[in-house]
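The values are calculated or read from the model by the stated rules, or taken from the named source; none is laboratory data. What you see is a predicted model, and the numbers here were worked out from it, not measured in a lab. Cβ placement follows ideal geometry from the backbone for every residue including glycine, while neighbour counts extend to all protein chains displayed. Areas reflect the complete protein model, heavy atoms only, side chains present, ligands, DNA and RNA absent. Shrake-Rupley method; radii C 1.70, N 1.55, O 1.52, S 1.80 Å.
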Amino acid sequence: MKLSATFLLLLAGLLRPALTQIIPPGSPGFVHGKSSAAVTFDNSSLLIDNNRVMLFSGEFHFWRIPSPQLWSDVLQKMKAAGFNGVSVYVHWGMTEGKQGHLDWNFHRSVTAFLQVAKRVGILVVMRPGPYINAETTGGGFPGWLSNIQGLARSNAQDYTNAWQSYMTQVAQAIAPFQYPAGPVIGVQVENEFTTGTNFAPYMVTLESVLRNNGINKVPLTYNDFNAAGRYASGQGVVDLWGFDSYPNGFTCSSPQFAGVSTGYAGNRNQYVPNGPLYFPEFQGGSFDPYGGSGYDACYTLTNNEFANVFYKNNYANHATLQSLYMTFGGTNWGNLATTNVYTSYDYGAPIREDRTLSTKYTEIKLQANFLHATQAYLTANIMGSSSDGQTYATNNQVWTTNLRNSDQTNFYVARQTSATNLNPVTFSLRVSTTAGALTIPQFGGTITLAGRESKIIVTNYVFGQSKLRYSTAEVMTWTTIDNTDIIVLYALAGQNTETVIETSATSVQLTQGNGAISSRVTGGTVVLTGNPNGVSVAQFGRTKVFIMDKATAGTFWSPRQSPTTFDLTNRQPATLIGGPYLVRNATIAGSTLNVVGDISSSGTLSVVAPAAVNTVTFNGAKLTGTKNAAGVWSGALTKPAIAATIPSLKTATWRCSDSLPEVANSFDDSKWVTATKTTTLREQKPTAGKLVLFGDEYGFHQGNLIYRGHFTGHATGVTLTMQGGAFFGYSAFLNGKFLGSSTGSSSDQATNTWNFPATNTGDNVLTIVNDNMGLDEDFSPTDSYKNPRGVRGYQLLGGGDFSSWKIQGNLGGESWVDEVRGPLNEGGLWFERVGAHLPGYDDSKWTANCSPLTGITAAGIRAYRTTFNLNIPATADVPISVHFTRTPSSNYRSVLYVNGWQFGRFVSNLGPQTVYPIPEGILNHRGSNTLVVTIWSLDAAGAKIAALDIAASVMISSTKEVVATVNSPGFAQLR
Ligand code: IPT
């Protein structure tokens with residue numbers, strides 16, 4: 001008997017529940033029934049090589065930045081903030097553009113990404129789907145999948161067959177990078193899969209394919225849609241259960257705060273009593289749809305105050321694994337977007353689309369530093385939680401959770417009872433210390449929480465040989481240098497702080513500061529009080545206390561001791577470095593400290609380092625500086641001049657061409673696909689007409705679709721149902737004459753009747769150009785990703801039917817020609833099919849003396865081409881964007897190509913995006929660039945772009961990896 005591979009996999013999967021009964025999952029150290037695994041967990045935290053670690057992770061989709069030499073910049077920026085992990089989806093659809101044809105090269109390379117992560121020294125949780133959601137076309141599904149009959153995300157045979165190759169190959173690519181050989185410490189199965197039982201055959205089969213292809217050294221993880229215990233340890237096929245949370249939602253237009261959850265710890269206790277509290281996705285920002293408010297509004301919704309209030313609430317619930325979705329969002333270039341997002345996937349994330357750092361990044365840096373330096377947090381237990389004005393805080397507007405470790409370290413997470421309160425509240429706090437119960441502050445004043453502020457107040461906090469009895473300021477980090485324990489504390493400027501450190505010293509010196517902090521020695525303690533302002537340093541015995549205002553603390557970096565490892569044991573930094581925009585690493589060689597980082601403006605560099613260090617270099621240049629009484633070295637850090645040439649497009653010369661020649665009756669469509677299908681396997685059937693005209697049925701899965709319907713006779717009109725996804729548009733023409741358009745709304749379909757002006761005696765041609773805003777996601781799953789694109793239904797009015805329908809999408813359909821840029825990059829407009837978006841296309845026959853700023857005066861599409869040179873030094877980070885000026889009253893759509901890469905879709909009447917960042921490497925920063933932009937006027941009046949230019953967002957002197965232009969083919973190779 002010959003058993004199919006699929007059957008065997010299924011069988012292997014079905015045996016899993018038996019195994020989980022033998023070795024109880026969720027028992028300490030359980031990973032695939034192996035207690036010897038390097039990556040394990042218990043009810044407190046993850047353990048790697050038996051080292052307890054907080055997984056402080058962020059989501060990053062490497063394929064959303066197709067210039068792979070920029071990946072290290074993002075990962076280094078994450079690591080510099082204190083992230084020790086990154087979570088990544090893999091995109092099936094862009095990898096297998098044609099069934100059976102998988103391409104793992106270039107920006108699609110899981111191997112290349114994992115090599116970079118390994119080099120940077122950041123742990124990875126891989127999330128290969130096959131379904132990923134992620135606001136990407138089809139939720140990550142390839143377009144061809146929409147042609148199968150079976151229900152996706154089920155155990156339907158055709159669906160199972162479809163994902164086999166992809167999942168097999170992705171598992172094999174990940175396997176060699178499993179810890180300890182590489183950075184991968186977990187692999188997520190599917191995404192928020194909520195259907196059926198906890199042993200859904202689909203999940204069982206997926207798990208088997210992963211394991212049988214080498215994923216057997218690290219936990220398989222699961223992200224529950226909400227805290228419902230699906231697939232929780234002991235009740236399903238995965239090892240490590242977590243749930244996703246987006247407490248502030250996705251309505252960027254109303255950036256009010258929601259309340260924080262009081263229940264996370266209870267959820268963990270209920271569902272995984274033997275596992276840690278894990279957020280595979282916790283809100284890091286928000287996506288935004290066409291017509292939305294723009295990502296700056298999403299940033300406001302989820303800003304540094306959000307990060308302060310909501311992430312600290314996670315710690316109050318003892319989350320020890322947390323991944324912020326997104327930490328860097330990137331770009332929906334090349335038709336990656338699904339219908340509910342536009343080109344930018346900035347997401348209001350801590351690292352913005354142009355890779356610049358936000359204030360939220362700084363807030364996260366302070367938190368991540370604290371958690372990294374504070375081993376006691378990992379095994380702390382929740383002792384109590386209250387806003388009664390009795391138990392902890394003396395004000396019932398303050399809600400406090402107390403966590404305590406067995407070594408008596410206490411964490412009091414104090415937050416406003418109402419997360420939406422914008423006003424400050426003041427209180428005293430009843431805390432437990434080894435010196436007894438205390439109400440702090442003891443020596444006058446109160447503790448303040450500003451509006452939307454939370455604080456983690458510690459007691460009995462041991463740092464080296466020293467011990468903080470308590471501080472009403474928060475801890476950023478601590479370390480021991482030259483046998484002296486150094487702790488960094490901070491509070492918002494203007495807030496009173498009181499810090500008490502136990503000591504045998506009899507005197508204390510304030511060695512740096514401007515009188516903001518006062519000190520005294522009393523009862524075996526040093527007491528420091530005052531409102532932090534800049535950096536104050538108090539020194540006694542072998543202890544140094546740095547107290548800073550929060551903004552100043554935010555300028556400090558604590559580079560990891562071993563920049564290329566995962567820092568599982570080395571938790572205290574060797575140096576503290578204040579001032580620069582970014583510190584990627586700092587290493588000590590003899591008496592020299594070499595700091596490597598980025599400079600956005602000239603200023604002062606402050607260094608706390610061993611006394612032996614007498615020389616400081618920044619990016620190799622020796623700095624002049626002096627050490628003060630506190631031992632802090634400071635010197636001027638001068639931003640090198642950046643000689644960057646960025647021309648203005650205002651003076652660009654353009655050539656243009658009609659890009660909708662298909663409206664003319666004389667246009668030759670004989671080589672186009674002829675629609676022949678009369679049936680479709682999908683549930684979504686045609687609404688009218690004999691033929692199935694859906695683009696995906698003919699291999700066209702993205703971008704614009706063009707139809708030419710031929711008929712003879714004297715029909716008087718046509719009723720069309722068009723579908724392109726929410727916010728799509730279309731235009732219809734008869735024999736070259738404009739009939740009309742649907743200009744886009746939140747509806748994914750439009751039905752219109754167009755009356756014909758006059759018909760010919762011979763062949764009549766109805767030309768339709770349709771937008772595809774991306775395939776729908778399949779969240780439920782209900783096969784919504786199969787929603788058709790193109791003509792959903794048609795009926796000729798006044799008698800007769802079409803004699804033939806011709807369809808055209810991207811050149812070659814599923815046999816696309818551009819291996820580098822991949823299957824999704826191109827759409828079906830004329831200029832795309834002829835390759836005019838590619839460098840090297842000969843536009844000498846195109847019309848001169850035209851410009852997108854003058855535009856067109858009728859309905860239709862025109863393409864505009866120009867070139868420009870850049871000369872930006874390799875040592876500068878100068879993110880450049882294309883800027884449109886929007887005219888909301890004008891109904892036009894644009895597609896933007898840079899050097900053959902589609903990096904923008906602009907919709908004038910809907911917006912909101914007007915700024916399109918083009919990553920270095922796609923943009924040639926040291927040479928010539930080709931830019932193509934179209935105007936599709938959906939109105940008879942025509943349209944023009946009010947203004948169009950390129951501009952840099954910042955000019956940073958940078959040590960990011962030197963970025964070469966991605967080696968991608970031009971016209972000569974592709975057409
Ligand atoms: C969550 C998805 O898992 C993720 O892929 C992304 O789509 C995110 O939402 C929103 O940006 S699902 C959410 C409903 C919890």
Inset, instruction - Can you grab the distance from the C-alpha centre of the range 536-596 to the C-alpha centre of the range 835-894, Å, no decimals? - result: 46 Å
Inset, instruction - For each pair in 845/944; 312/639; 360/467, compute the distance between the two Cα atoms and list the pairs where it is over 24 Å. - result: 312/639; 360/467
Inset, instruction - Evaluate the charge dipole of the range 5-357 about its Cα centre and quote only its size in Debye, nearest 20, assuming +1 on the Cβ of each Lys and Arg and -1 on the Cβ of each Asp and Glu. - result: 720 debye
Inset, instruction - Just add up the charged neighbours of residue 466: K/R +1, D/E -1, any other residue whose Cβ is under 12 Å from the Cβ of residue 466. - result: +2
Legend entry - Dipole of the range 5-357, positive end: most advanced residue of 258, 169, 316 [Cβ charges, Cα centre]: 169
Inset, instruction - Compute the long axis of helix 110-120 from its Cα atoms, compare it with the longest principal axis of the Cα atoms of the chain, and write down the angle in degrees, 0 to 90, nearest 10. - result: 20 degrees
Inset, instruction - Just flag the trypsin sites (Lys or Arg not before Pro) in the range 816-915 sitting in loop per DSSP whose Cβ has no more than 13 other Cβ atoms within 10 Å. - result: 845
Legend entry - Helix-derived mean residue ellipticity, 222 nm - over the chain, DSSP H n ≥ 4, -39500 (n - 2.57), to 500: -3500 deg cm²/dmol
Inset, instruction - Only bridges with both residues in the chain count here: give the DSSP antiparallel percent, nearest 5. - result: 80 percent
Inset, instruction - Restricting to the range 5-357, compute how many DSSP beta bridges are antiparallel as a %, nearest 5. - result: 25 percent
Inset, instruction - Whole Å is fine, so just give me how far the alpha carbon centre of the range 163-186 lies from that of the range 399-464. - result: 44 Å
Inset, instruction - Would you mind putting 363-374, 667-678 in packing order, based on average other-beta-carbon counts within 10 Å, highest first? - result: 363-374, 667-678
Inset, instruction - Starting with the highest mean, order 637-649, 485-497, 868-880 by the number of other Cβ atoms within 10 Å, averaged over the residues of each peptide. - result: 485-497, 868-880, 637-649
Inset, instruction - Sort the following peptides by mean Cβ neighbour count (other Cβ atoms within 10 Å, averaged over residues), highest first: 697-707, 724-734. - result: 697-707, 724-734
Legend entry - Surface per residue (accessible, 1.4 Å probe) for the chain, Å²: 31 Å²
Inset, instruction - Just need log10 I(q)/I(0) for the range 381-585 at q = 0.09, 0.14 Å⁻¹, Debye formula, equal scatterers on the alpha-carbon atoms, no solvent, rounded to two decimals. - result: -0.34, -0.84
Inset, instruction - Quick one: check the C-alpha center-to-center distance for the range 306-339 versus the range 712-740, whole angstrom. - result: 42 Å
Legend entry - the range 678-808: Cα Rg divided by the 2.2 N^0.38 Å rule of thumb: 1.03
Legend entry - Along principal axes, Cα extents of the chain, largest first, whole Å: 107, 71, 51
Inset, instruction - May I ask you to give the percent of accessible area on the chain that is carbon plus sulfur, with a probe radius of 1.4 Å? - result: 51 percent
Inset, instruction - First check a/c for the range 5-357, with a ≥ b ≥ c the square roots of the eigenvalues of its C-alpha gyration tensor; if it is under 1.5, answer rounded, and if not, answer prolate when a/b is larger than b/c or oblate otherwise. - result: rounded
Legend entry - Eligible lysines near residue 671 by straight Cα distance, threshold 18 Å, same-chain separation 8 or greater: 806
Inset, instruction - Any chance you could give the angle, 0 to 90 degrees and rounded to 10, that helix 359-373 forms with the longest Cα principal axis of the chain? - result: 50 degrees
Inset, instruction - Return the loop-located GluC sites (Glu not before Pro) in the range 132-201 (DSSP other than H, G, I, E, B) with at most 15 other Cβ atoms within 10 Å of their own Cβ; answer none if there are none. - result: none
Inset, instruction - Taking a cut-off of 17 Å between Cα atoms, list the aspartates and glutamates near residue 455, but don't count ones fewer than 8 places away on the same chain. - result: 305, 363, 474, 498, 549
Legend entry - Spatially proximal lysines relative to residue 118 (Cα-Cα < 16 Å; intrachain offsets below 8 disregarded): 77, 79
Legend entry - Degrees, to the nearest 10: 71-81 long Cα axis against longest axis of the chain: 30 degrees
